[in-house]
Each structure stands twice: as structure tokens, then as C-alpha cells.
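Let me begin by presenting the structure, written as C-alpha cells, before commenting on it.
The values are calculated or read from the model by the stated rules, or taken from the named source; none is laboratory data. Since the structure is predicted, the reported quantities are computational estimates derived from the model, not experimental observations. No Cβ is skipped: glycine too gets one built from the backbone with ideal geometry, and neighbour counts run over all protein chains shown.
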Amino acid sequence: MTDSRDIAPHRHRPDDRWWVLLTVMIGTVASIMSSTIVNVALPDMSRVFTLGQDRAQWMSAGFMAAMTISMLTTPWLLDRFGYRNTYFAVVLLLMAGGIGGGLGWSFEWVLAMRVAEGLAAGVLQPIPAIIIMHAFGRDEQGKAIGLFGMGVVLAPAVGPSVGGVLVEAFGWRSIFFVVVPFCLAALWLARRFLPHSAPGGVAVNRERQRFDLAGLALLSLAILSLLNGMVHLRASNAGFGLSLLALAALALAAFIAHQRRTLHPLMRLALFGHPQFAFGGCVAFIYGAALFGSTYLVPVFMQIALGLPPSQAGAVLLPAGLVLAGTIGVAGRLTNRVPVHRLVSFGLVLLALSFVLMIGVDRGTALWLIALCAIVGRIGLGFVLPSLNLGAMRGLPPGLIAQGSSSINFLRQLGGAVGVSLAGIFLEWRMHAHAALLQPTLPSAAELSAFHETFALLALLTALAVAAALRMREPAAAAA
């Protein structure tokens, strides 16, 4: 069993690690809430700021890009400043982004606040898995991540419903302030329970290693060029878009070469020498693209194509979120009994099936059937979420756990940023392709077809991830 001293200072009992887990869970809930709740308000914000789909999707894609860029900084920040100082700083940044976004007066300012929230969320996301892998023994890790997951998934479950009511009652600005009480609670708990130490229980040493600023710059250039290149891949801007994609490929190649040479890499490429982690990374990227692409697409589909008000669109997703909360607790305990590659594969199949079912949804479909389609996908998520991180990181040496957690979350979020952009761009393209058939006022069958084709794309992406998931087999010696 691993030593839990890194999350339980001497003045606390060892069982305080559960309070530590609760503390980081609340911060993660706040970050996830800020990520998902905005999607319900996108149609309203698009009207206020006169945004097309290509610009509106940046409210989600900008957040995801910032989160992805900052995620690999978590191990360095924890090592340099410790759990408490790092956590305090990023939660304060998240809260400032929420307040600033709610007070915003222009699309550019609100987008900047979304980027600030994304930077904070990126640092927060890997911390729970680092704590679970360091502080809990193998026999308790499934329970810990299951309980953690049950709390975290309530954010996307309740978020759209709360967001829909707030948008109708108070307008789009109100949704930005939802994170404030969560952040205040996280700060209070962090002051009480989080230690000053770095992962592994070692003392913070601010001279231990330099930050890989060159690696972060190359990675940021690659990600931003990739996302902007995808946005400009339209008929009038195809050449510029291809140039940006070529720049992204060059920046990525330079980043990989730099990581091989530098003494203090932002991402340790040695992680991918572990087959279980390497295939887990493939799953995380593809799964992230499908998951976050659908998180963006579904609320927009319900409001634009089905004509549902924001509160009703959010309410349809609430039962699925509650089912997810129950499923993830069960699946977390199963990680100690069932091979993780089977759990992940089963969950991905159900998620792909839910996208296929959404292809048959139209304005005449009963709301309970739409809710059932969402429930199928959320059951699938319940099997994937607790299994993917544990399955990818089991077998890593203790010194690579923090890097492994950041890297697997980075790949999932990078996939998510690509998925949000891909869903928005593909939807815009298909809408323009069907433009001659659209009715001037009411959503038509042609407009529904554009959404259905986008759901089909997400189903195909998810199906591709199953092939990689089946290769996440744990070595026989480790499984024993």
C-alpha cells in the first residue's frame, strides 16, 4: 500500500485523506460545472453577440484549449508549490473567471474569461487521480475513484438543468456565477485539509527543477494552430486552414523532439513505453473527442433543431446524469474484479449506441425517449470514467504517477478540444450543405439531417476507440 503522508499531515488522522478527496472533488465539480453549463446558454449568447456556429463553438473550444494547454503544468506546480498553494491559486483563478464572465460586455471579453477558467480547470483536473494513486492502496482505489466520480458527475448532470432555469429567469450572465459558491467551499476546505507538501509526501523545493517554458510554448502553438486551422477549413479559407494545420504538425514535431532532449520535459515520453498507458492514451483522445463533442452538440440540438426552451432541454438530460452518478459508483468497485479493458470497451459501445439512437430523434419524438437515449450513453460513461485512468496508470512506477495523470487527462482534453471544434465545424458545414432546403423560420427536416449526420460522426469516433480499449490488457503479473 502506498504511503498516504503526502495528503495527511501529521496533525491529521490518516482517514482525513477522504476529506482531502472531498476537497479536490469540489474544486473539480466547479471546473466541470463551468465547462458544461455554458453550453445551455450558447443559443442565447449567440443572439446577444450575433455569433455564427463557427464563433459560438469557441466558447466551449476556447475553454477546452486553455484547459488542455495548462494540464501538463500540474506536476511541476505541485512539485514547486505543493498541494495547498497550487490549489488555492487555481481555484481563485476559476472564481475570477466566473465573476468576470458574468460581468462581461463583449464576446471577446467573455471568451477571455472562459480561457481563464479553462487554465484553472486544466491544473485542477489531474490532482484527484494523483491523490488516489498515492494515498489509497490498490484494493481501495476503485472505491475512492467511484465515490469521487459519483460526486463529480453530478456537475454535468445538474448543470444543464440549473443553467436552463437560470438562462430563462435571469439571462445568460447568471450561469457564470454558479461556480462561485463551489469555489468558496473548496477554498475553505483546502485551508483545513490540504497539506503544503508535494506529491509523495516530499517537502516543496522551489529550486528542484526548471519549468519547461519552451515545451509549453511549442505545445500551445501546436494546439492553437490545430484548432484555428480546423475553423478555417471552409471553402473560402481552405488554404489558410491547411497552412495552420501544417504549422500545427511542425510545432508538434518540434515539441516531441524537444521533450526527448530536455532534462525537465513537460511530458515524459517514457510513459508511452508502457503499452497499457499508450493504448489508454489513444482511448482517452478519441473518447474525449466524442464525449465533449456531444456535450456541446446535444443542448444545441435540443434548442435549435427540436425547438425546446433551455429549461426543458436541461431537464431532459437530468435523469441521465442521475443514472450516471449511480453507475459510476458500481463501476468503480468493479475495477477491482473485472479487467479494466472490458469495462472500458463495454462503456464505449454503449456510448456509441446512444449517438446512433439520437439519429432517429426528431421534433415528434417523445421527451422520455430522448431521455432514454441519453441514459444509454451515460451508463456507458459510467463504465469508462473510473476505469480509464486507473487502467492506464496501473503498472506505472511511483515517480511517473503525477506525469501519467496529467498526460492521460491532457490527451482526453486535447481530444475534447478537437471534438468540440469538429462538432461545431462539421455541423456548420452540413447546415450550409442543406441551406437550400431550410425553411426560413422553422427547423426543417434538412436541418435535422445536419444534426443527425454530426451524431453519426460521433458514433464512428467512439467505435474507433473500442479497438484501442481492447488492447489495454493488464500484464498477468500485475493483475495477479
Check your understanding: Taking the stated definitions as given, is Leu297 within 26 Å of the chain's Cα centre (by Cα), assigned by TED's automatic domain parsing to the domain that holds Ala366 and modelled with pLDDT under 85?
Key -> yes
Review point. Scanning for something assigned by TED's automatic domain parsing to the domain that holds Pro397, modelled with pLDDT of 80 or more, surrounded by 15 or more Cβ atoms within 10 Å (Cβ to Cβ) and of a type outside the set (D, E, K, R), does region 149-158 turn up at least one residue?
Key: no
Practice item. Could you pull out the residue among Ile401, Ile408 that is modelled with pLDDT under 80 and assigned by TED's automatic domain parsing to the domain that holds Ser354? Key: Ile401
Exercise for review: Identify, from the list Ile304, Ile286, the residue that is part of a helix (DSSP H, G or I), β-branched (Val, Ile, Thr), within 20 Å of the chain's Cα centre (by Cα) and under 30 Å from Leu427 (Cβ atoms).
Suggested key: Ile286
Exercise for review: Name the residue, out of Pro75, Pro43, that is part of a helix (DSSP H, G or I) and over 20 Å from the mean Cα position of the chain (by Cα).
Suggested key: Pro43
**Study point:** Residue tally, condition closer than 19 Å to Val48 by Cα and either in contact (Cβ under 8 Å) with a residue 24 or more places away in the chain or charged (D, E, K, R) (or both), over region 101-116
**Key:** 11
Point to revise | Single match in Gly364, Gly391 (criterion: modelled with pLDDT under 85, assigned to a helix (DSSP H, G or I) and assigned by TED's automatic domain parsing to the domain that holds Leu291) | key: Gly391
**Study point:** All positions within region 78-103 that are within 20 Å of Met45 (Cα to Cα) and among the β-branched types (Val, Ile, Thr)
**Key:** Ile99
Review point. So which of Gly101, Gly62, Gly97 is in contact with a Phe, Trp or Tyr (Cβ under 6 Å, 6 or more places away or on another chain), assigned to a helix (DSSP H, G or I) and either of a type in the set (Gly, Ala, Ser) or surrounded by fewer than 24 Cβ atoms within 10 Å (Cβ to Cβ) (or both)?
Key: Gly101
